[in-house]
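The values are calculated or read from the model by the stated rules, or taken from the named source; none is laboratory data. Since this is a predicted model, take the numbers as computed values, not measurements. Note: ideal-geometry Cβ built from the backbone for every residue, glycine included; neighbour counts use all protein chains shown.
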Amino acid sequence: MAVTPSSFLHEASESNAVEPVDATPCGVMAMWLGLLRKMRLREAIDRLLPTEAELSHGEIIEALVLNRLTAPEPLYEVEGWARESGFAALAGRDAARFNDDRIGRALDALAPKIRDAQASVTPHVVTTFALRVSDAHYDTTTAYFEGDHEDGDLAARGHSKDGRGDHTQVVVGLVTCEDGEVPLAHATFPGNTGDVSTVPEALRALRRCLPTDPVVVSGDSVMWSQANMDAVAASGGVFLGPIAMIPTVAAWVCDASPDVAVDVKLAGRGEVVPYRACVVGRFRVNGVPDAGARLVVFDPRRAAAEVKERAAALARLDEALVALRGRLNGPKLKKLTDASKRLDALRARHGLASRFVHTELREAEGRLELAWSRDEAALAASARRDGRWPLVTNRAGLSDAELCAWAVRRYKTHGRIERDQHLLKGPLRLRPFYVQNDDRVRALVAVCAWALMAWTLLERQARRTLPTPAKKRDVARPWVRRVESALAAVVVMTFRVGASAEVVRKVTPLSSAQQSLLHGLGWSREVRTLLEDVAATR
């Protein structure tokens, strides 16, 4: 049975007059702070950035990461958050010390040392939590700016993945491991950087963290230029991903005969999904002949869906063309130029089907006529591509059948990194940026990346510790929120006992269930130390 603040206070007051002063929830904050201490983030930064200031740079960065995890605020409001959330009491510091000027100095100091800090934290986390890092997934996202930004290299307009093309932005590349989608490395690029050109720098960042482990790097088709494939291979890595369906690629995709059956159990699905694949050729990688393999993967379910989608699109286009033909020669469509504009707009709206339909609009004997026909050759070619896509890899040492099974199963887990991107922009609020120089942008991206590392570590550990929910309504409840809810009742209480003016602090004792949870997560000792320090503070 959980110990509530009121029951604990009643026990403490049985033999003494107790005057309550304050009660602040601290369980969730202590859990997150204990995890950050387990990651040794503050320790790594303090080792790289020694200072004589009252608060170390590590303490400031740790506070910023904690703020992102619990209640993200603009930098100028972190001081208020530290006071009102109970963090300052938990850390044993004056909240006023976490002002925006001190935060700015910490971000400025961190910027040139981000790679070193990352190279210290990641190997420790990999070892401590026994992460499997033989597979890494890579993807990019964008984050836009609000307000003024000083002249620099990062803020630029480019393809926005936020739908905010009217704002300047930065591009953030994130490398995660397949084991829990935990971030291993990140890199920040100018907002007009193409995805393809980000791969080498992201790979260098990863290699600083994991210099010897063989790593499989998977990514979307925009990642795999020949130069990028050569770069991954030259670093001792293995690449895996699709390539763009240009005409020459489409030709060998259509000619392939996928005959190797590969069953994959996708995350979040109960059933096994069947695929078929085959190896269709080899190519040179990093100067080594036949080091790369081209594969074609076939998904029967996707093929059936594409057939259905194409048929529905053609039916909608036919209906729209019939309606347009019925309006020709009417009050608004007497002229050929007006009708041509209407037809062009209609074809644009029905882009999928328009590729397979020829239209002819003409004027004969003073009247407009519209005719159309389907391009059967184009339809047949599209049907041959249904459910198929190309993959490339330089994985060696496997037979063709083994390579097909490995490549399909590995690649179908790549989509999970997109969830990490949503976490960055959702609960952790990477965007928009209000900071005003490149160094602080890079440092704030690092803060969010470390917050994401903590978030995904908690999810990974919670899945291994908490029982599967019995009620259907609880299945979709995030693992993080389940852990936070379990620790929400832990409170630090401040009160005076008897006639003494001395202020006493006590923390509600952890219940057996809470102790078991923290032990299962793996940082019970760190949380207990924090709570004991709070109780010892006068």
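Checked against (1) surrounded by fewer than 20 Cβ atoms within 10 Å (Cβ to Cβ); (2) under 35 Å from the mean Cα position of the chain (by Cα), THR494 meets all criteria but (2). With the condition kept exactly as written, say whether any residue in the range 287-300 is in contact with an Asp or Glu (Cβ under 8 Å, 6 or more places away or on another chain) and within 16 Å of GLY387 (Cβ to Cβ). No - not one qualifying residue is present in the range 287-300. When GLN514 is tested against (1) at pLDDT below 75; (2) not in a loop (DSSP other than H, G, I, E, B), just one condition goes unmet, and that condition is (1).
Yes or no, residue by residue, for (1) on the phi < 0 side of the Ramachandran plot; (2) at pLDDT below 95:
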| residue | (1), (2) |
| --- | --- |
| LEU35 | yes, no |
| ASP46 | yes, no |
| THR51 | yes, yes |
| ARG83 | yes, yes |
| GLY92 | no, yes |
| ALA95 | yes, yes |
| ASP100 | yes, yes |
| ILE103 | yes, yes |
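One residue stands out among those in the range 410-452 that are farther than 25 Å from LEU33 by Cα and among the basic types (Lys, Arg): the one that is modelled with the lowest pLDDT, which is ARG416. SER257 meets all of the listed conditions (1) assigned to a loop (DSSP other than H, G, I, E, B); (2) assigned by TED's automatic domain parsing to the domain that holds ALA377 but one, namely (2).
Could you tell me whether any residue of the range 214-236 is buried (at least 16 other Cβ atoms within 10 Å of the Cβ), assigned to a loop (DSSP other than H, G, I, E, B), modelled with pLDDT under 80 and among the aliphatic types (A, V, I, L, M)? Yes: one or more hits. Does ALA185 satisfy the condition of being among the small types (Gly, Ala, Ser), under 23 Å from ALA454 (Cβ atoms) and part of a strand (DSSP E or B)? So ALA185 fits the description; yes.
Residue-level check: of (1) at pLDDT below 90; (2) in a helix (DSSP H, G or I), ALA401 misses just (1). If you check ALA111, ALA89, ALA63 for being crowded, with 16+ Cβ neighbours inside 10 Å, among the small types (Gly, Ala, Ser) and touching a Leu at 6+ places or on another chain (Cβ under 9 Å), only one passes: ALA63. For the range 274-306, filtering for residues that are of a type in the set (Asp, Glu) and crowded, with 16+ Cβ neighbours inside 10 Å leaves 2. Only one entry of ALA106, ALA71, ALA82 meets the criterion of being surrounded by 21 or more Cβ atoms within 10 Å (Cβ to Cβ) and within 25 Å of VAL480 (Cβ to Cβ), and that entry is ALA82. In a residue-by-residue description of the range 322-335, the property of being of a type in the set (Val, Ile, Thr), free of Cβ contacts under 8 Å to residues at least 12 places away in the same chain, in a helix (DSSP H, G or I) and more than 30 Å from PHE283 (Cα to Cα) applies to at least one position. Would you call ALA364 over 30 Å from LYS412 (Cβ atoms) and either surrounded by 12 or more Cβ atoms within 10 Å (Cβ to Cβ) or not basic (Lys, Arg) (or both)? Yes.
Per-residue answers, yes or no, for (1) assigned by TED's automatic domain parsing to the domain that holds VAL307; (2) acidic (Asp, Glu); (3) part of a strand (DSSP E or B):
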position	(1), (2), (3)
ALA353	yes, no, no
LEU368	yes, no, yes
TRP389	no, no, yes
VAL392	no, no, yes
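Of the helices (runs of 4 or more DSSP H) lying entirely inside the range 11-92, the ones with 1 or more residues being farther than 22 Å from GLU459 by Cβ are found at 41-48, 57-70, 78-84, 87-91. The residues on offer are GLU201, GLU146, and the sole one that is under 26 Å from ALA407 (Cα atoms) and either of a type outside the set (A, V, I, L, M, F, W, C) or in contact with a Cys (Cβ under 8 Å, 6 or more places away or on another chain) (or both) is GLU201.
When you look at VAL170, is it at pLDDT below 90, under 30 Å from ARG385 (Cα atoms) and surrounded by 16 or more Cβ atoms within 10 Å (Cβ to Cβ), yes or no? In short, no. Of everything listed in (1) in contact with a helix residue (DSSP H, G or I) (Cβ under 9 Å, 6 or more places away or on another chain); (2) modelled with pLDDT of 85 or more; (3) more than 30 Å from PRO274 (Cβ to Cβ), the single unmet condition for GLU360 is (1). When the range 341-380 is limited to residues that are polar (S, T, N, Q) and in contact with a strand residue (DSSP E or B) (Cβ under 6 Å, 6 or more places away or on another chain), the one that is farthest from CYS254 (Cα to Cα) turns out to be THR359.
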